[in-house]
Amino acid sequence: MSIVYLNGEYLPLEEARISVLDRGFLFADGVYEVFPSYNSKPFRLNEHLSRLDNSLAGIYMSNPLSKQEWAAIFAEVIARNAGRHQSLYLQLTRGISPRDHLFSDDIKPTVFVMSKPLEAKTSNAGIAAITREDPRWKHCDLKTIALLPGVMLRHEARTQGATEAILYREGRLTEGAASNVFVISDGVVRTPPRSRAILPGVTRDLVVELLRGDKVECREEEIDIRALDSADEIWITSSTWEIVPVISLNDRVVGSGEPGPLYRQANALYQDIKENY
Ligand SMILES: Cc1ncc(COP(=O)(O)O)c(C=O)c1O
């Protein structure tokens, strides 16, 4: 049985309860993070905690816990759950109060952490994706729990026999419904720049760093959605998916229709870091 952390207590998932007046439930008033722990050690924890601080500041909340306190909770949750590699989920909501858009500053936030075993990757062979106009709001840099657009996009992808939806705004690529996007042409790797239109992915940043360290030209720049049509390779990245090649887009084959050479290079660099972590 899975053991979770809720507001200072460790308890079985089935016994974890929150009030229906929690602002997360009523307003999606909260933020979250997801990150892997490899060999029982949280991966890129500093990066995830600093993005958490950024998301909290963006919704006018302060972090109720220090970095050391978060690290202690993660260590305990990891120890109490099965799996050498786990996927950790943390959620913070503004807390419980009578339903009113306006919040008071003295509410106690709800703090929740859970974990599940990180399953072996099945996506190395590549996935199918669709493209859609980005229907989300203008603060996509904040990792908030208001995920209905992503839920709808993933559903649409599935109805088209695909796994992910790749999004664009005003003709420019943004990101995936729950991933960042890379486009590879003529040996150059490109990904949209950091802005409010995308989540600053921790995996994205690591992939950029690893490729540059391996002398691959890697640009963070605006990308016309039409670049997808002629791309040699397309990848998506996320903390639990790692790097995934997109081999079919809107039912058309991408590049050779197989994971490309730069994917294999990037993935080897990533797996090396992970295995030696
Ligand atoms: C919208 C969105 N973009 C990008 C990412 C990838 O971020 P990270 O690599 O930090 O997991 C995610 C992860 O879930 C996401 O939901």
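The values are calculated or read from the model by the stated rules, or taken from the named source; none is laboratory data. Source: prediction; values computed, not measured. Ideal geometry is used to build each Cβ from the backbone, glycine not excepted, and the neighbour counts take in all protein chains shown. Side chains are part of the model used for accessible areas, which takes the heavy atoms of the whole protein and leaves out ligands, DNA and RNA. Shrake-Rupley method; radii C 1.70, N 1.55, O 1.52, S 1.80 Å.
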Quiz item: Restricting attention to region 18-43, and to residues there that are among the charged types (D, E, K, R) and open to solvent by less than 30 Å² (accessible area, probe 1.4 Å), which single residue is nearest to the ligand (Cβ to nearest atom)?
Solution: 33
Quiz prompt | Neighbours by Cβ (under 7 Å, 6+ apart or cross-chain): first from region 121-132, farther than 12 Å from residue 257 by Cβ and open to solvent by 60 Å² or more (accessible area, probe 1.4 Å); second of a type outside the set (Lys, Arg) and part of a strand (DSSP E or B) | solution = 132/165; 132/167
Quiz item: Of (1) in contact with a strand residue (DSSP E or B) (Cβ under 6 Å, 6 or more places away or on another chain); (2) away from the ligand (no atom under 16 Å from the Cβ), residue 55 satisfies all except one. Which?
Solution: (2)
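Restricting to region 139-162, and then to whatever is away from the ligand (no atom under 14 Å from the Cβ) and assigned to a loop (DSSP other than H, G, I, E, B), can you tell me which residue is most open to solvent (accessible area, probe 1.4 Å)?
Looking at the filtered set, the residue picked out is 160.
Just give me the residues in region 80-130 being among the basic types (Lys, Arg) and not in a loop (DSSP other than H, G, I, E, B), in sequence order. If you could, list the steps in order and put the result at the bottom.
First, the residues of region 80-130 that are among the basic types (Lys, Arg): 80, 84, 94, 99, 108, 116, 121.
Selection gives 80, 116.
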Quiz item: Within region 226-259, which residues are part of a strand (DSSP E or B) and within 14 Å of the ligand (Cβ to nearest atom)?
Solution: 235, 236, 237, 238, 242, 243, 244
Practice problem: Confirm whether residue 118 is open to solvent by 30 Å² or more (accessible area, probe 1.4 Å), within 13 Å of the ligand (Cβ to nearest atom) and at pLDDT below 95. | Solution: yes
Practice problem: Find the residue count for region 194-225, including only residues that are more than 15 Å from the ligand (Cβ to nearest atom), surrounded by fewer than 17 Cβ atoms within 10 Å (Cβ to Cβ) and not in a loop (DSSP other than H, G, I, E, B). | Solution: 4
